[in-house]
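Below: one structure, written as structure tokens.
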Amino acid sequence: MASPSFYLPGPSPPSPSATAARVRPPVPRHDGPSSPSRGGPSPSVLAATSPAAAVRDPNLDLSHLSSSLLSDDGSRQGSLYNVCDDGVPRDDDGRVHHLSVRKGDVANRIVSVGDPARAAALAAWFDGADGGEASATESEKGPAVRRIDSHRPGAFTTLTGTYRGVPVTVVATGMGRPNADFVVRECRAVADDGPMAIVRFGSCGIVDPETKPGCVCVASGSIAVARDPDAWGPPSEEGEGSQKAPTPKYRFSRPIASHSGLSESLRRSLADGIGPERTRVGANATADSFYSSQGRPSPHFDDDNATLLDELRSHPADIVTCEMETFHFLDLARCATKFPMAAGAAVICVASRSTGEVLETSTVRELEREAGRAVLEAIVSFDLDSI
């Protein structure tokens, strides 16, 4: 049974069969560095952000950096940042140190995605953008999407616009809990005073054997899974003789519930947008590694994780998905003090850890666009004053 502290929407529809979504069976080969074209919106929404491209471009716009930190050739000089009372470093223009956003750049409704291409797919739905529904008169009032790249090329991209007239920010966050921490804390520092809602819209592996690739799973809650380095160090001196307890290799946190109202808004919007048969609700496990703490054994490292997936499957929280970010959003939201914060997550179920099935790239792109629109519908319809 799932933890009673989790968001519980009632019975979920059965997950789609393996043939309902296009899946690629496991293959004994290593894909090279090339990948299929990602498609998506026009370059006007999101231009290339790779560090290599940025280095090659002699016209790279560095105007968002403090002029006091730039020399004539555009290199940084002087103090890297200013120490501020709220603990968030800023440059002389008030831009936070990692995201390079400042007051007025971030809405109080935020969708965090890992991939810049996924951010572009969502921003294409903004009013006046390629996929949006605003009239020409509305779009002529100004840029449909305001884009801000971090001063570290390719690290973070922030896209702000409106959806159905409601301000929304989409942030390309990258991967892992440290990046999630940058996004939540720095967006909170520059957003308007008042309540905030943040949704992670990402991808995941599937722990539950009954769930097939092609679903989008709304997180009812999450646990954190962390590799404990002490387990590979010298034996603990605690206890005596045979009473010495071995240090667990992996530690599971207590579960944190997602915000029930925001999660229900996500579930309804996804059921309307991609169908109830492709919408799932279940608990998440957030790992501190793609490899060791997600149970991927390696011949090169002593990870001792051969039983980790079985431990997740038997966890009392009924874990469905596993990835690397959701828990941190929920954790920071429950720790918000000055202004209330609601956090939730909806993740595309890409790969089954039970069968080895992996979703086709074309299906992932379709879900990024259609489920992404449903996520936007959910966050703009959610009442911030209900937090």
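For every residue, the table says whether it meets (1) of a type in the set (A, V, I, L, M, F, W, C); (2) free of Cβ contacts under 8 Å to residues at least 12 places away in the same chain; (3) within 24 Å of Met175 (Cα to Cα).
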| position | (1), (2), (3) |
| --- | --- |
| His259 | no, no, yes |
| Glu264 | no, no, no |
| Asp272 | no, no, no |
| Gly275 | no, yes, no |
| His300 | no, yes, yes |
| Leu308 | yes, no, yes |
| Glu323 | no, no, yes |
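Report the residue count in the range 146-173 for those that are among the hydrophobic types (A, V, I, L, M, F, W, C), open to solvent by 10 Å² or more (accessible area, probe 1.4 Å) and part of a strand (DSSP E or B).
Selection size over the range 146-173: 2.
Could you check how many residues of the range 219-231 are more than 19 Å from the chain's Cα centre (by Cα) and either surrounded by 19 or more Cβ atoms within 10 Å (Cβ to Cβ) or part of a strand (DSSP E or B) (or both)? I'd like the intermediate steps shown before the answer.
Going through the range 219-231, the residues more than 19 Å from the chain's Cα centre (by Cα) turn out to be 227-231.
If we keep only those that are either surrounded by 19 or more Cβ atoms within 10 Å (Cβ to Cβ) or part of a strand (DSSP E or B) (or both) too, we end up with 227.
Result for the range 219-231: 1.
Among the residues of the range 192-218, write down those that are surrounded by fewer than 20 Cβ atoms within 10 Å (Cβ to Cβ) and aromatic (Phe, Trp, Tyr).
Result: no residue meets the conditions.
Taking Pro178 as the residue in question, decide whether it is at pLDDT 90 or above, assigned to a strand (DSSP E or B), surrounded by fewer than 23 Cβ atoms within 10 Å (Cβ to Cβ) and not β-branched (Val, Ile, Thr).
Working: at pLDDT 90 or above: yes; assigned to a strand (DSSP E or B): no; surrounded by fewer than 23 Cβ atoms within 10 Å (Cβ to Cβ): yes; not β-branched (Val, Ile, Thr): yes.
Spelling it out, it is not the case that Pro178 is at pLDDT 90 or above, assigned to a strand (DSSP E or B), surrounded by fewer than 23 Cβ atoms within 10 Å (Cβ to Cβ) and not β-branched (Val, Ile, Thr).
The values are calculated or read from the model by the stated rules, or taken from the named source; none is laboratory data. Nothing here was measured: the structure is a model prediction, and the numbers come from that model. Because the Cβ atoms are built from the backbone with ideal geometry, glycine has one as well, and the counts that use them run over all protein chains shown. The area values use the complete protein model at the heavy-atom level, side chains included, leaving out ligands, DNA and RNA. Shrake-Rupley method; radii C 1.70, N 1.55, O 1.52, S 1.80 Å.
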